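The values are calculated or read from the model by the stated rules, or taken from the named source; none is laboratory data. In this text the structure is predicted, and so the values were computed from the model without any measurement. Backbone-built Cβ (ideal geometry, glycine too); neighbour counts: all protein chains shown. For the accessible areas, the whole protein counts, side chains as well, though only heavy atoms, and no ligand, DNA or RNA atoms are used. Shrake-Rupley method; radii C 1.70, N 1.55, O 1.52, S 1.80 Å.
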Amino acid sequence: MTTIRCQALLFDMDGVLVDSTDAVARVWRKWAIERGFDPEKVVRAAHGRPSIDTVRDFLPNADSHSENLEVERQEVEDLEGVVAIPGAVALVNSLPAGRWTVVTSATRPLAEVRLRAAGFPILPTLITAGDIQRGKPDPEPYQKAAARLGYPPAECVVVEDAPAGIRAGKAAGARVIGFPTTSNRHELEIAGADWVVRNCADIAASFDGNSLVLTLAGESDC
């Protein structure tokens, strides 16, 4: 068991709170095949980053805004298999208000659809692609989320599954818990995760009146 004290938790959405892996893969594979790209390469590139960045990487001369709107439309419509990650609902329900939020590379419409489908509230502090100028792995998303909650990033713990998100959290100055839900443990360690656990079911949280107290089960420091 490892015990961590912090002021707030900053959760990525896909792969951390919401299991949307199959839906993400279906949409990006279709997009890739229609445009003549290796679908597996595109799916790997899309995880944990704003979708428009992936579009620009593969189609630098296209109308990225139009392409991105089409990707978003398909993702919003595809909710098959979109459910909460094990332990996620119980974990966030154990946290005091104002001590957690969601930081996602998804657009706001997509984030709200997926969070609702998985049984999570839409928080006023939610950070989406439209709230930032520079997406993960830039630190801006997590810096902004910490500021909205009123805590320095160094007093926050980020929960991530993608190397780009882990790098963003570390660059912001936060400590990071990694989940091997969409990337393997080695990739999470290389990106800088401080701890790795299976999923939210391995995190227990309590509040001692001043700080959040997190207990990690079945983990090891990285």
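In table form, for the structure just shown:
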{"read-out": "Checking ARG99 against (1) open to solvent by less than 20 Å² (accessible area, probe 1.4 Å); (2) under 24 Å from GLY130 (Cα atoms), the condition it does not meet", "value": "(1)"}
{"read-out": "So THR107, is it among the hydroxyl-bearing types (Ser, Thr, Tyr), under 17 Å from the mean Cα position of the chain (by Cα) and at pLDDT 95 or above", "value": "no"}
{"read-out": "Hits in the stretch 191-222 - residues which are modelled with pLDDT of 95 or more, among the charged types (D, E, K, R) and open to solvent by 50 Å² or more (accessible area, probe 1.4 Å)", "value": "ARG198, ASP208"}
{"read-out": "Residue in the stretch 172-186 that is surrounded by fewer than 17 Cβ atoms within 10 Å (Cβ to Cβ), part of a helix (DSSP H, G or I) and not aliphatic (A, V, I, L, M) present", "value": "yes"}
{"read-out": "Cross-chain or 6+ apart pairs with Cβ under 8 Å, the stretch 174-187 first and more than 15 Å from VAL158 (Cβ to Cβ), then assigned to a helix (DSSP H, G or I) and not polar (S, T, N, Q)", "value": "PRO180/LEU188; GLU187/PRO163"}
{"read-out": "Tally, over the stretch 1-39, of residues that are surrounded by fewer than 17 Cβ atoms within 10 Å (Cβ to Cβ) and in contact (Cβ under 8 Å) with a residue 60 or more places away in the chain", "value": "4"}
{"read-out": "Verdict on THR182 being farther than 16 Å from VAL16 by Cα and at pLDDT below 95", "value": "no"}
{"read-out": "Enumeration of residues in the stretch 139-163 that are under 12 Å from the mean Cα position of the chain (by Cα) and not in a helix (DSSP H, G or I)", "value": "VAL158, VAL159, GLU160, ASP161, ALA162"}
{"read-out": "Failed item, numbered, when ASP53 is tested on (1) open to solvent by 60 Å² or more (accessible area, probe 1.4 Å); (2) in contact with a Gly (Cβ under 7 Å, 6 or more places away or on another chain)", "value": "(1)"}
